[in-house]
Amino acid sequence: MYTPIPCNIINGVIFDLDNTLVSSKLDFDWLRQQLGCTADTDLLQYIDGIADISLRTQLENKVIEYELADARQSAIMPECDELLSYLGQQKIPTAVVTRNCSQAAMLKINHHKLQFERIVSREDFPPKPAPDALIDIAEQWQLDPQNILYVGDYVYDLQAAYRANMPSCLVTNGEDLPFLNQASVVVQQLGGLTKILREQAYMLPQEHDRVESNVQSGN
């Protein structure tokens, strides 16, 4: 299930961070093994559920160290600058919601000189797929969630957007992902989203109505 993209306007865009705006080589399967977490368990939930405070803090610090090392070798994703430049020109507010710790998120964002109205990490709200951060940003911007697009590369991003009643854009980075049908729109790289938003901005009112009618009817 997904929330359809309204064909009248997107008034705000929220991004995931890793492998959406900047590259990441975090190997969560390896990290789960290192920390004693089973393959089918969410790593952050696993750590949060450890009763021993000392052990929980130790594992949290290991994850942070791993994230910071990844942040130092990150690169900007293809066509990211073009999309952010376009959104800035259109005065469309942007934000980041990431499962990264705040230190790693800010290291990546500052290193690549990216600017956003707001940056939310896992210390601020329950991590995705919980929708809390997305809902809070919509309230801050005083925008209808259906007019805010959430952009990410993983199923947690799509689930969080759906739970927040927001349309979602999945960036596949050329991969054949098993959760494509949970996204409102799918692009291989961020440039595909730039093209979609440009085309939408230049639609005439009657074209908006026609496309919206086709989306609602499933055509």
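The values are calculated or read from the model by the stated rules, or taken from the named source; none is laboratory data. Since the structure is predicted, the reported quantities are computational estimates derived from the model, not experimental observations. Backbone-built Cβ (ideal geometry, glycine too); neighbour counts: all protein chains shown. Side chains included, ligands, DNA and RNA excluded: accessible areas come from the protein's heavy atoms. Shrake-Rupley method; radii C 1.70, N 1.55, O 1.52, S 1.80 Å.
May I ask what percent, to the nearest 5, of DSSP beta bridges between residues of the stretch 1-143 are antiparallel? Antiparallel bridges: around 10 percent, rounded to the nearest 5.
Charge dipole of the stretch 1-145 (Cα centre as origin; +1 on each Lys and Arg Cβ, -1 on each Asp and Glu Cβ, all else neutral): 300 debye, rounded to the nearest 20.
Placing +1 on the Cβ of every Lys and Arg and -1 on the Cβ of every Asp and Glu, with no other charges, gives the stretch 103-161 a dipole of roughly 300 debye about its Cα centre. The Cα atoms of the chain define a convex hull whose projected area, averaged across directions, is 12.3 nm². Put simply, the stretch 85-184 fits an ellipsoid with semi-axes of 19, 17, 15 Å; these come from the alpha carbon gyration tensor as the roots of five times its eigenvalues, largest first.
Accessible surface comparison of K62, K128, K113, K195, probe 1.4 Å, protein chains only, largest first: the order is K113, K195, K62, K128.
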